[in-house]
Each structure stands twice: as C-alpha cells, then as structure tokens.
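Structure first, commentary second.
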Amino acid sequence: RLSGFGIEKKVPEVTDAEVEEQLNALRERLATLVTDEAGEVVQGSFAVIDFEGFIDGEPFEGGKGEGYMVEIGAGRLLPGFEEGLIGAKAGEVREVQVTFPEDYRPEHLAGKQAVFKVTVHEVKKKELPELNDEFAQQVSPFKTVEELRADIKNRLIEAAAQRAEEEFRNKVIEAVADDASVEVPEVLVHEKVHDLIHDFERELAQRGMTLEMWQQITGKTHEDLHKEFEPQAAKLAKVDLVLSAVAKQVGLTVTDAELEAEFDRMMSLYPKQQSYIRKLRASAAYRAQLRRDLLRQKTVKHLVELNSAA
C-alpha cells in the first residue's frame, strides 16, 4: 500500500511570542555589560571574582583563579557555586561550600566536598538595547521595528512550513515502510550500523572528541554501540528496500539527462569545486551512487504527492 494512511500535514503557525523571542535574541547579541550600581549579586548578574578551593583545608590543583567572570544562573560552574554567591556585594569575601559530582573529571576530585574562598571584585549586569527604529536599522536593512518584526514573522513561517513538510515526508515514508512485509538481510543492517557509527564519530570530532575518548568516558564498548544502533539501522535498511521496491512497482527511473542535469547543478552551486566535481562526474561508482540518491528522492516525492492528494 502506497497511500491512504490518513496522515495530515501540519499547518504552520507562528505566535507573537515566538517573534518577540527572536527580537530579544537580537537584542541579546548587542547587549553590553555595565557596572551594577546596586553592587549585589543576583540571579543573572555577572560577577568578577578571585577564588581558591580547599579540600580538607588543603588547596588543590586547578582550584584557583583570578579575575574570573561568572554568570550567575548559567550553570557553568560546580553545582551550588553560583548560588553560593547570591547576595554577595562588591568587595565582599565569602566561603562557598560545594560537592564535586560523582562523575567529575579528574576522578580524584569526584564526590569530594570543597570550600572555595571567593572575593567578589565587581558586579555587572547585562544592558539590552532599546527596541526601537534605531535598533532595527542597526541589525537589519529595515527602517522600522514593525518592518523588522514582519520580516522575522515571515522567516519563522517559512521555517515552520519546511519543518511541517519534512515531518509529513518522514511520516509518509515510515507508514509505507511499516505497512510493507520485507525481510531485511543481516548484512544490510550491519552496513547501516557502520554508517551510523561513522556519522557518530563525525559528530564527536566536531566536539573535539574521538570515539575512543567517548568510550573511556561512558565505559561503553564497540559492541555496546553496535547494539544501540541496530534497531535504527534495521529501520533504515528496511526503508531503503521498500523505496527501491516502490520505484520498481511504479516504474520510476533516473535518465542520463537527469543525472547530467544534477552534475550541472552541482557545478553552478560550487564554482570553486569544479575540478573535484569533474572527477566525480567521471567516476562510475559515484555516478551509480548519485543515480540511486536521485531515484530515492524521486520515489519519496511520488509517495508524498500520493498522500497529499489522499
């Protein structure tokens, strides 16, 4: 079955509150820190501090800092540290008691209680620019706040519409795959598992971490990772098989002209990569992969159109 699943597409909606949230985010980007004349640390304050930590009365390595700015309530320091500074005034010295989390690194500090001697040098607060026409001109090509607000709303509506389309597309693919009776070969599942692990490694690399480092921190083995990814891999492998079967059933193909048109599109999109794209164009393996990708796109589009009309 390719349609008739009763899947409804969401109508994109954007509230005034969401627009104001975006406007406030723009104001935050241009915020400045100014000295808080009240001079008392409150939630949201920025305190400039010196600190030194002690465990059982002895200082420990890495427990000392000078001229450090801490945002109260951001949760970037040890649990209880920021809260312990609330109410302190500029020039005040106070002691803050904390307990290192059980999973803290380095391990020799994990679970231990510490006392930090903290000197508050200065208390600052965030000052946001006024939301007026001058601000609109500073952050956008628009002359008034109302024009800026309208543009933000339009952009949010476009983004919501794209999300709705993507969600509908995914639900259609899932429904067609779930309805199909297909036996998924184990070898395909293993291939997908390896793909997912490679994707995970790339995500870790973007955070400056290797898979080995992640395994040390979590205590998980390669086999554990395999088991975790297997259900998702099996689902992805089944989707591939089902979409391939649908393409055959409906008689969808990718012509040589369509393939060449896609290469032309890539050339125009990435003018600085012309030489690399020419190599891809000459590669039989890449041409076959691209043809498969285009056929998948065409198949998904066909299914979406069938279910949109239903």
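Filtered by the rule that a residue be under 30 Å from G4 (Cβ atoms) and either of a type in the set (D, E) or within 25 Å of the chain's Cα centre (by Cα) (or both), the range 172-208 gives V172, I173, E174, D178, D179, E183, K192.
Every residue, every condition in (1) in contact with a helix residue (DSSP H, G or I) (Cβ under 8 Å, 6 or more places away or on another chain); (2) surrounded by 11 or more Cβ atoms within 10 Å (Cβ to Cβ), yes or no:
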residue: V139; (1), (2): yes, yes
residue: R149; (1), (2): yes, yes
residue: I157; (1), (2): no, yes
residue: A160; (1), (2): no, yes
residue: R169; (1), (2): yes, yes
residue: D179; (1), (2): no, yes
residue: E183; (1), (2): no, no
residue: L204; (1), (2): yes, yes
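For the subset of the range 240-262 comprising residues that are in a helix (DSSP H, G or I), among the hydrophobic types (A, V, I, L, M, F, W, C) and over 30 Å from the mean Cα position of the chain (by Cα), which member is surrounded by the fewest Cβ atoms within 10 Å (Cβ to Cβ)? Only one residue tops the list, namely A257. Is it true that E20 is part of a loop (DSSP other than H, G, I, E, B) and touching a helix residue (DSSP H, G or I) at 6+ places or on another chain (Cβ under 9 Å)? Criteria not met by E20.
Would you confirm whether any residue within the range 146-163 is touching a residue at least 40 places away in the same chain (Cβ under 8 Å) and under 24 Å from E95 (Cα atoms)? No, there is no match, as no residue in the range 146-163 is touching a residue at least 40 places away in the same chain (Cβ under 8 Å) and under 24 Å from E95 (Cα atoms). Against the test of being more than 30 Å from I173 (Cβ to Cβ) and part of a helix (DSSP H, G or I), the options E61, E28, E52 yield a single qualifying residue, E28. Looking across the range 96-109, the residues that are under 15 Å from D56 (Cβ atoms) and either touching an Asp or Glu at 6+ places or on another chain (Cβ under 6 Å) or hydrophobic (A, V, I, L, M, F, W, C) (or both) come down to V98, F100, L109.
The single residue among T255, T299, T218 that is assigned by TED's automatic domain parsing to the domain that holds L196 and touching a Leu at 6+ places or on another chain (Cβ under 6 Å) turns out to be T299. Q216 meets each of the listed conditions (1) free of Cβ contacts under 8 Å to residues at least 24 places away in the same chain; (2) closer than 28 Å to S181 by Cβ apart from (2). Here the condition is being closer than 30 Å to E158 by Cβ, in contact with a strand residue (DSSP E or B) (Cβ under 6 Å, 6 or more places away or on another chain) and surrounded by 12 or more Cβ atoms within 10 Å (Cβ to Cβ); of A31, A90, A47, A114, it holds for A31 alone. When each of H222, H198 is tested for being loosely packed, with under 13 Cβ neighbours inside 10 Å, closer than 30 Å to A180 by Cβ and not basic (K, R), the lone residue that passes is H198. So, I197, is that one more than 27 Å from K301 (Cα to Cα), in a helix (DSSP H, G or I) and in contact with a His (Cβ under 8 Å, 6 or more places away or on another chain) or not? Judged against the criteria, I197 is a match. Annotation note: of A288, A237, the sole residue that is surrounded by fewer than 16 Cβ atoms within 10 Å (Cβ to Cβ), assigned by TED's automatic domain parsing to the domain that holds A205, in a helix (DSSP H, G or I) and of a type in the set (G, A, S) is A288.
May I ask you to verify whether L109 is surrounded by 14 or more Cβ atoms within 10 Å (Cβ to Cβ) and under 22 Å from V19 (Cβ atoms)?
Criteria not met by L109.
Out of E71, E52, which single residue is within 32 Å of the chain's Cα centre (by Cα) and either of a type in the set (G, A, S) or more than 30 Å from S308 (Cα to Cα) (or both)? Answer to the selection: E71.
The values are calculated or read from the model by the stated rules, or taken from the named source; none is laboratory data. None of these values were measured; they are calculated from a predicted model. All Cβ positions, even for glycine, are placed from backbone atoms using ideal geometry, and neighbour counts span all protein chains on display.
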